[in-house]
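See below for the structure under consideration.
What follows draws every value from the coordinates through simple rules; no lab data is involved. Values in this document were obtained by computation on a predicted structure and should not be read as measured data. Using ideal geometry, Cβ is built from the backbone for each residue, glycine included, and neighbour counts are taken over all protein chains shown.
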Amino acid sequence: MDTMNFRFEGRAKTLTYVLMGIGLLALVSGFLTDDSHGHQRFWANMLVNGFFYFSLALGALFFYALQYATESGWSAVLKRLFEAMYGFLPFGAGAILLVLLAGQFHLHHLYHWMDQTLYFEYMLADGSYSHEMAEGAIDNPNFDKIIANKGAYLNGTFFWLRTVVYIGTFLLFARLFRKWSLAEDEVGGTELHYKMYRRSAVFLVFFAVFSSTLAWDWIMSIDTHWFSTLFGWYTFSGMWVSMLIFATVCLLWLRSKGYFKEVNESHMHDMAKWVFGISMLWSYLWFSQFLLIWYSNIPEEVTYYIARMFTQYKVPFIGMFFLNFAVPFYVLLARDAKRNPKFLIPVCFLIFLGHYTDVYLLVVPGTLHDHAQFGFFEWGTFLGFLGLFIHVTLRRLASAPLIPVNHPFLEESKALHY
Amino acid sequence: MESTKKVFHVMYDDDGTVLTAAKQLVAKGIHITDVYSPFPIHGIDPVIGVTRTRLAITSFMYAMTGTSLALLGMWYFMIQDWPMNIGGKPSFSLIENLPAFVPVMFEFTVLCGAHGMAITYLLRNGTLPGMPASNPDPRTTDDKFVLEILTDENEMDAAGIEAAVNETELLEISIKDYAA
């Protein structure tokens, strides 16, 4: 039985340490040189990178559960890679929680709605706030009717309850899937497989709701006055395609190093088809959100696009849409291009940066407005998180047999051919 | 005088058998002209030397034609001939109103790509509605598979082909003369 393990060593390991070193340097120097009020630039950048890399891991967990829930055979030989990728979930969740906690304690002002004074209509003579008119009270100049009306959903208690439930659910399922997967290597049979099949379906039900609401809570609430119904699906498709890009490049690299010999041309073709297909899903949702708001032209809805299309963000905003849509569409449309790493790798690198830019533009225009800068701090942090993500993924990949030993669909997956 | 040009129609009753037979015959240097089958047989194309279809390329060209025609049409209808105020933005400019035309362009792209490809496929195969059937035996539209071999396209003579064919697990064989 061929149970070759991946060995995480040599240049690859050194490279991840170098990247993490750059990231640490960027974070420290960025924090010290950041003269924006409340280190806004620092925290916005932490949220961009935390969310982007968290979403890579979460996308992997979703895709993994999807393979089980649909009883897919083709992907059995790849499942350890997805397991390794969702090993990053605790790190990504940690980065996001750090940003949210700092916001809760008013160290930064990414989330305008966290300002408690917005919710009270009146200000009493002693400087405290009140919902009721009283003797000597005046109108609260900070009162924001739109945000106050959202108070039933956007309030500290409910927000933290949701955040803890999302992260708790993801970490719990990630832990259980990994545990059962490793146990299956030992005991075999189909009992654990069917257990994972059922639990995956349960997870997908939670994920369907949480993937939307977490995008509303962590990202959309930055532009507090604005809302979009399909925002959750749009960010979800972004996390899905970013995860597929990373997995595809990682697989190509591992195959070039002699690992994953069971992964054949057809598997790579399938992965490329996923990258192509979900790129189109992302483009479709991006454009659907844009078209309806552009067409109806209502002031409270267009604010989001005004801040992005008529400001300094114009070129990256429109550019990243065409990059993420047109490049995979025209290059990966042909069958031969999907099977040729010479086409696949450059496309993957380009749209990986494109989807990072997408997340950057979800966060930054609403938090830094016209004060945004893009320097060593930003790209250094991006590289640092990338190094950490690769390090955690590969370390976990090395800790179990690359090919699951007793997966019931293993033979079917190895024989994939078309 | 007996014609030396013969056509072999060899019938099989299973797609696996026909694939094996085709491999055996090709290994003996026999060129198989075509396979008639009620459904596509996975993996037979490279065996009998069918090159990859160019249908996808035609589909792309039809689709791009659709995109261009839709854009041209939207420009003429909405900008040139009868300028429209779109979404409260009376700019009367193609580029500024482009988002409104994207759904039309998308749908017309799909329409032209899909119909163009389907019609090309049917034309190329001679299977448009009303066209005469060209398969040698009507049972190949039901549950039988037929290999077609022509002596014209083979170095081997009719007797040699017949001997080779008879070594496969065939169901029926029909050998006919034909005029080239």
Please list log₁₀ I(q)/I(0) at q = 0.06, 0.10 Å⁻¹ for the protein assembly as shown, using the Debye equation with identical point scatterers on the alpha-carbon positions.
-0.45, -1.03
Within the range A:75-115, chymotrypsin sites (Phe, Trp or Tyr not before Pro) in DSSP loop having at most 12 other beta-carbon neighbours inside 10 Å:
A:PHE105
Mind listing the long-range amide H neighbours of A:TYR129? Cut-off is under 5 Å, sequence gap 5 or more, other chains count too, H placed in the peptide plane at 1.01 Å from N.
A:LEU124
FRET efficiency (A:ASN5, B:ALA118; Cβ distance; R0 30 Å; to 0.05) is 0.05
0 to 90° range, to nearest 10: angle between helix A:10-33 axis and chain A longest Cα axis
0
Counting only helical runs of four or more DSSP H residues, what would the 222 nm mean residue ellipticity of chain B come to if each run contributes -39,500 (n - 2.57) and the total is spread over all its residues?
-13500 deg cm²/dmol
Can you work out ³J(HN,Hα) from phi for every residue in the range A:350-356, in order, using Karplus 6.51 cos²θ - 1.76 cosθ + 1.60 and θ = phi - 60°, giving whole Hz and x for Gly and Pro?
4, 7, 5, 5, x, 7, 5
Plugging the Kirkwood radius over Cα pairs into Stokes-Einstein for the range A:296-418, at a temperature of 10 °C and a viscosity of 1.306 mPa s, what D comes out in µm²/s?
87
Let me have the relative contact order for the range B:55-125, percent, based on Cα pairs under 8 Å that are six or more residues apart.
54
Summing -39500 (n - 2.57) over the DSSP H runs of n ≥ 4 in chain A and dividing by its residue number, what mean residue ellipticity at 222 nm do you reach, to the nearest 500 deg cm²/dmol?
-23500 deg cm²/dmol
Shape call for the range A:1-125 from the C-alpha gyration tensor, a ≥ b ≥ c root eigenvalues: rounded (a/c under 1.5), prolate (a/b greater than b/c) or oblate?
oblate
Just how many pairs of Lys in the range A:21-402 have C-alpha atoms closer than 17 Å, counting pairs that are eight or more places apart or on different chains?
7
Averaged over peptide A:291-300, how many Cβ atoms belonging to another chain are found within 10 Å of each residue's Cβ?
3
For the range B:123-161, list residues with backbone N below 14 Å from a point placed 7 Å from the Cα of B:THR33 toward its Cβ?
B:134-137, B:146-155, B:158
Per q in 0.16, 0.20 Å⁻¹, report the Debye log10 I(q)/I(0) for the range A:145-258, using one uniform scatterer on each alpha carbon and no solvent.
-0.94, -1.16
Which ³J(HN,Hα) values, rounded to whole Hz and listed in residue order, are derived for the range A:100-115 from phi using the Karplus coefficients 6.51, -1.76 and 1.60 in 6.51 cos²θ - 1.76 cosθ + 1.60 with θ = phi - 60°, glycine and proline given as x?
5, 4, 4, x, 4, 8, 6, 6, 9, 10, 5, 9, 4, 5, 6, 6
When all Cα-Cα pair distances of chain B are considered, the percent exceeding 29 Å is 46
Convex hull volume of the range B:33-92 per residue (C-alpha atoms, cubic angstrom):
158
More than 15 angstrom separation, counting every C-alpha pair in the range B:55-125; what % is that?
56
Run down the lysines and flag those whose C-alpha is under 21 Å from the C-alpha of B:LYS6, throwing out any fewer than 8 positions away in its chain.
B:LYS28, B:LYS176
Whole-Hz Karplus ³J(HN,Hα) for the range B:21-34, in order, using 6.51 cos²θ - 1.76 cosθ + 1.60 and θ = phi - 60°, x for Gly and Pro?
4, 4, 5, 4, 5, 5, 4, 8, x, 8, 8, 9, 6, 7
